[in-house]
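J.: I'd like to ask some things about the structure below.
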Amino acid sequence: MSSPSGSQPVSSMRQRLTKISYPYVARLHAAPKLTLPGITLVLALAGVFAPVVIGVPALVLLALLLGWLAFLSWPAVKGGAKFLRLFSILVILLFAVSRIANG
């Protein structure tokens, strides 16, 4: 099976994850437009300002959320945007590690 653009074949893992993710993406799409940015903001603020026991899991959840969305949109995204998505996830995870290291 090919991707929508027809340039690369779609792996079975991508097909499974896309199928599993569909109800959640549909629910996010049906939610008010500020739901996803609000979730992102709450997780980021909790990660930065909350105590370590709350902040680090919030940052990990934020990285997982962004990673999931990046994975789903990967075939449709071009070079520079792919780098930015990976870089943002890496920065979040590095900040979580620094929060653990600094206690």
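The values are calculated or read from the model by the stated rules, or taken from the named source; none is laboratory data. Predicted model only: the values in this text are computed from it and were never measured. No Cβ is skipped: glycine too gets one built from the backbone with ideal geometry, and neighbour counts run over all protein chains shown.
J.: Search the range 80-103 for residues being out of contact with any helix residue (DSSP H, G or I) (no Cβ under 8 Å at 6 or more places or on another chain) and β-branched (Val, Ile, Thr), and hand back the single one that is nearest to TYR22 (Cα to Cα). Lay out the reasoning, then the answer.
T.: Pass one, the range 80-103, residues out of contact with any helix residue (DSSP H, G or I) (no Cβ under 8 Å at 6 or more places or on another chain): 80-81, 83-84, 87, 90-91, 94, 97-98, 101-102.
Then keep just the ones that are β-branched (Val, Ile, Thr); that gives 91, 97.
On the way: VAL91: 27, VAL97: 31 Å.
Within the range 80-103, the match that is nearest to TYR22 (Cα to Cα) is VAL91.
J.: Something else about it: Being in contact with a strand residue (DSSP E or B) (Cβ under 7 Å, 6 or more places away or on another chain) and surrounded by fewer than 13 Cβ atoms within 10 Å (Cβ to Cβ) narrows it down to one of PRO51, PRO9, so name that one.
T.: Criteria check complete, one pass: PRO9.
J.: Among the residues of the range 60-79, is any of a type in the set (D, E, K, R), out of contact with any helix residue (DSSP H, G or I) (no Cβ under 6 Å at 6 or more places or on another chain) and either surrounded by 15 or more Cβ atoms within 10 Å (Cβ to Cβ) or modelled with pLDDT under 95 (or both)? Give the steps one after another, and end with the answer.
T.: Quick first cut of the range 60-79, residues of a type in the set (D, E, K, R) only: 78.
Checking the rest, the ones that are also out of contact with any helix residue (DSSP H, G or I) (no Cβ under 6 Å at 6 or more places or on another chain) come to 78.
In the following step, the residues that additionally are either surrounded by 15 or more Cβ atoms within 10 Å (Cβ to Cβ) or modelled with pLDDT under 95 (or both) were identified as 78.
Yes, the range 60-79 contains at least one residue that is of a type in the set (D, E, K, R), out of contact with any helix residue (DSSP H, G or I) (no Cβ under 6 Å at 6 or more places or on another chain) and either surrounded by 15 or more Cβ atoms within 10 Å (Cβ to Cβ) or modelled with pLDDT under 95 (or both).
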